[in-house]
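Heads up: the structure comes next, in C-alpha cells.
Just so it is clear, none of the values below were taken in a lab; they were calculated from the coordinates. Just so you know, these numbers come straight off a predicted model, no measurement behind them. Note that each Cβ is placed from the backbone with ideal geometry, even for glycine, and that neighbours are counted across all protein chains shown.
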2 protein chains.
Amino acid sequence: MSETVAEVGEFRLIERFTRHFGTTPAVVLGPGDDAAVVAAPDGRVVACTDMLVEGRHFRRDWCSAADVGHKAAAANLADIAAMGARPTALLVAVAAPQDTPAEWLEGLASGLAAEAAATSSAVVGGDTTRGDQLTVTVTALGDLEGREPVTRAGARPGDTLALAGRTGWAAAGLNILSRGFRSPGALVGAYRRPQPPYAAGRDAALMGVNAMIDVSDGLLADLGHIAAASGVSIDVDAPSLPIPETMRNAAEALGSDARRWVLTGGEDHALAATFAADAILPEGWRSIGTVAEGTGVTVNGRRWTGPTGWDHFAEST
Amino acid sequence: MSETVAEVGEFRLIERFTRHFGTTPAVVLGPGDDAAVVAAPDGRVVACTDMLVEGRHFRRDWCSAADVGHKAAAANLADIAAMGARPTALLVAVAAPQDTPAEWLEGLASGLAAEAAATSSAVVGGDTTRGDQLTVTVTALGDLEGREPVTRAGARPGDTLALAGRTGWAAAGLNILSRGFRSPGALVGAYRRPQPPYAAGRDAALMGVNAMIDVSDGLLADLGHIAAASGVSIDVDAPSLPIPETMRNAAEALGSDARRWVLTGGEDHALAATFAADAILPEGWRSIGTVAEGTGVTVNGRRWTGPTGWDHFAEST
C-alpha cells in the first residue's frame, strides 16, 4: 500500500510534491520560500485562478492523478492564452483527505508540471492542507510581451467569428465515462487531458484579434460572454463545426446529440475569437460565424433552445 | 431567510461577489474577463497561494464571513510582505456547498476587499464553484520595487533575530473559542482578524534585512525554516517576548501555557527576520534573540521540548 498524506506528513509531502516541478528562465525564485518570484518583463502580469473539486470536476476512478494535474493546469493556462499572453508560471493549492495516497499527490504534481512545460512555464509554488474533499486550485501567471490584453469586450459588428482547437470532445468523453464505458480512447482522452491551442492565443493577439475567450463552459455560453461584454450579437454557422465520425458514432450509441456536445460542451478549452472581416486568420484558426449588431447568440440565425452551458452551482445535467 | 448560492446561480453570484472589490492604480484589468492584468513595474512579480478549509482553518460559528475574508487575505498578504515586497493584488477561488447563504459569500468578499485595501491592493479576479466543504484559496501578488527578494536563506551567524508584530494572540483566541468562551475580545479578535505588520516587511527590506519569514505556523517552527534554509542555529531570548496580562490571565483560567502560545502559536502573521548585528532595527521591530553557527532553534539556549508548530495533515491538537 502506498503511504497516505497523513503518514508522510506535511513537510515531507511538500518535498515529494515540489521535486516534480521544473524551472525556466522566468523563475527568479521557485518553491520553498514564503512566496515565489517570477519574471514579468512586460511590466504587467496576467493572472487567473481556477478550482477543481473531486466529484464535480474530476473523479479518481475516471482520471489518473496526472490527468487531473494536466486538466487543472490546462484550464488556467488556456485563460492566460485567451488574453493573448504567454504563460509564465503556475501556483497550486491542494486540500486532501488524510487517507489520500501520497502517490496520488505526486501524480498530480507531475501532471501539473508536464502541462506547464508544454507552454514553457513552470510550477513555482503552492500550499497543501487537509480537507474532506480533494480540491485543487491552480493560479496561472502570464506575460503580455508588450501587447495589449485581449478582452471579451472588443468584438465589433462585421467581425468574423473564429475558433482554434476543438469543442465537444471532452463532453463526449465525459458522457462515455458516465455511462460506464472507457472508449473510444480519443474522446475519453480528450476529457482527461484537454489540448488547448495555447499558441493560437498569442498568434491571434499578434494578428490584431478584436476579442477572445477560452471556451471552458461551452461554445454558446462563452460566446454569450463576448456578445454581452462587446454589445453585439453573434451567429454560429453550425456546418462550419463538422462532427467527427468517432463522435457521431459515440453519440448514436449513447442516444446523445453530438451537435449539442459541439455547441455546448465545455472543458476542451478551445479559443473563440472575433477578427476584423478583412483579417487573414492565423494558422490553426477557422471561421465559424459572424458578428452583427444586436444582442445574444444564435445558431444558423436561430436561437438555440437547449441548455447553453454550465452553471457551477446548478445540479449536474 | 437569505438566498443560497444555488438559488442565486453562478453568474449572479459572481456579480454580487465582485461588486465588493475595489480598484487601485495597479489594476490594469479587474474581474470579469478570462484573467486579470496587474501592474508589475519591477519587471518581476512575487506570488503565493494559501488555502483555508472550513472546520480546519475557520468555523462559521466562531468567525463571521468577513472575518474569514480578512484572515484568508492576511495569510497571503503577510507572505508577500515577508519577501520584502508590496502587495498589489489578490485572486480568490471559493468552493461552497449549495446551501451556503449567498450573503456569506458577500461577507467573505467584503472581508477580502477590506484587508486588501489595508495594503493598498485590490481583489482582481477569482472563481466560484460548488464543493461539499467551504474552501477558500487566495493568491497574492506583489511588487519588489527594485529590491532583491528577502528569502529564508540569508541569515548569518552573529545576526540579530528580530520580530515585528505579535505572536500567541491568535492561538490564545482559538483556545478560548474552542473552550466555548467568546472573550476577552482582544484575544478572540486577534484569532478572527490577524493584524500582520505589513509595512514592517518593506521597511526591513529597505534596511538590508538578511532573512525574513511570515510567522504562520508558530515562531519556533518558522524560525526552524530560517535556520534550515540558512544553515545556522537560532536562539530565542524568551524574556524578550513578554506575555501580556490579558493573555496570562486567559491561560491561567484555561489551564493553558501562555509561553507556549507565544512560542508556538501560528496565525498572527508576525514577521521574523535576522539583521546584521550592527544594523539599526526599523520601527516596529524588536530584538528577540541571536543567530549563531550550528543547526536548529533553541529557547534561552536550550531545546524546546514541546510541539513547535503546526502540521496541516496531523490531527488537531
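Given a Förster distance of 56 angstrom, what is the FRET efficiency for residue B:179 paired with residue A:276, based on the Cβ-Cβ distance and rounded to 0.05? For R0 = 56 Å, the calculated efficiency reads 0.25. Considering only B:104, B:133, B:119, and ranking their Cα positions along the charge dipole of segment B:5-143 that arises from unit charges at the beta-carbon of Lys, Arg, Asp and Glu, the one farthest toward the positive end is B:119. When chain A is treated as a GNM, springs tying every alpha-carbon pair under 10 Å, which of A:172, A:73, A:36 comes out with the largest mean-square fluctuation? In this elastic network of chain A, the residue with the biggest mean-square fluctuation among A:172, A:73, A:36 is A:36. Diffusion coefficient (Stokes-Einstein, Kirkwood radius over C-alpha pairs, 4 °C, 1.567 mPa s) for segment A:160-303: 85 µm²/s, rounded to a whole number. Applying 1/(1 + (r/R0)^6) with R0 = 60 Å to the Cβ-Cβ distance of residue A:2 and residue B:118 gives a FRET efficiency near 0.85.
Considering only A:301, A:291, A:244, and ranking their Cα positions along the charge dipole of segment A:160-303 that arises from unit charges at the beta-carbon of Lys, Arg, Asp and Glu, the one farthest toward the positive end is A:244. The residue among A:277, A:223, A:205 whose Cα reaches farthest toward the positive pole of the charge dipole of segment A:160-303, with charges on the beta-carbon of Lys, Arg, Asp and Glu, is A:223.
Count neighbours as other Cβ atoms within 10 Å of each site's Cβ, and list the trypsin sites (Lys or Arg not before Pro) in segment A:1-89 that are DSSP loop with at most 15 such neighbours.
Taking segment A:1-89 and a limit of 15 other Cβ atoms within 10 Å, the loop trypsin sites (Lys or Arg not before Pro) found are A:19, A:59, A:60.
Computed over segment A:70-131, the percent of Cα pairs more than 14 Å apart is 56. Beta bridges assigned by DSSP with both partners in the protein assembly as shown are antiparallel in approximately 80 percent of cases. Summarising the overall dimensions of segment A:86-178 from its C-alpha atoms, the Rg and Dmax are 17.9, 56 angstrom.
Packing-based ranking of B:156-164, A:236-244 yields B:156-164, A:236-244, ordered from highest to lowest mean Cβ neighbour count within 10 Å. Site-free segments of chain A were taken between GluC sites (Glu not before Pro) in DSSP loops having at most 11 other Cβ atoms within 10 Å, sites themselves excluded; the longest one is A:1-282.
Taking the inverse of the mean reciprocal distance over all distinct Cα pairs, the Kirkwood hydrodynamic radius of segment A:8-157 comes to 15.7 Å. Charge dipole (Cα centre; +1 on Lys/Arg Cβ, -1 on Asp/Glu Cβ; no other charges) of the protein assembly as shown amounts to roughly 240 debye.
Short to long, the 10 Å bins of the Cα pair-distance histogram for the protein assembly as shown hold 3, 17, 27, 26, 15, 8, 4, 1 percent of all pairs.
Shown for residue B:179: label points 7 Å from Cα along the beta-carbon vector, and their distances to the equivalent points in the other copies, 6.2 nm in ascending order.
Using the Cα centre of chain B as the reference point, and only Cβ charges (+1 on K/R, -1 on D/E), how large is the resulting charge dipole? Debye, rounded to the nearest 20.
Values: 25 positive and 38 negative charges, 138 e Å.
Charge dipole of chain B: 660 debye, to the nearest 20.
In nanometres and ascending order, the distances from the residue A:199 label point to those of the other copies are 5.1 (point 7 Å from Cα along Cα→Cβ).
How much of the DSSP beta bridge set in segment B:5-143 is antiparallel, as a percent to the nearest 5? Show your work: numbers first, answer last.
Values: 19 of 28 bridges.
Percentage antiparallel, nearest 5: 70.
Charging the Cβ of each Asp and Glu at -1 and of each Lys and Arg at +1, and nothing else, the dipole of segment A:202-245 about its Cα centre rounds to 180 debye.
Kindly identify chain B as rounded, prolate or oblate by the Cα gyration tensor criterion: order the square roots of the eigenvalues as a ≥ b ≥ c, call it rounded if a/c is under 1.5, otherwise compare a/b with b/c, prolate if a/b is larger, else oblate. In terms of gyration-tensor shape, oblate.
Using alpha carbons only, how many angstrom separate the centre of segment A:170-216 from the centre of segment B:1-80? Using only Cα atoms to place each centre, the spacing works out to 28 Å. If the label for residue B:242 sits 7 angstrom from Cα along the Cα-to-Cβ line, what are its distances to the same label in every other copy, in nm to one decimal, shortest first? Counterpart label points of residue B:242 in the remaining copies fall at 8.2 nm.
Under the definition of partner shielding as Cβ atoms of other protein chains within 10 Å of a residue Cβ, what is the mean value for peptide B:50-58?
5
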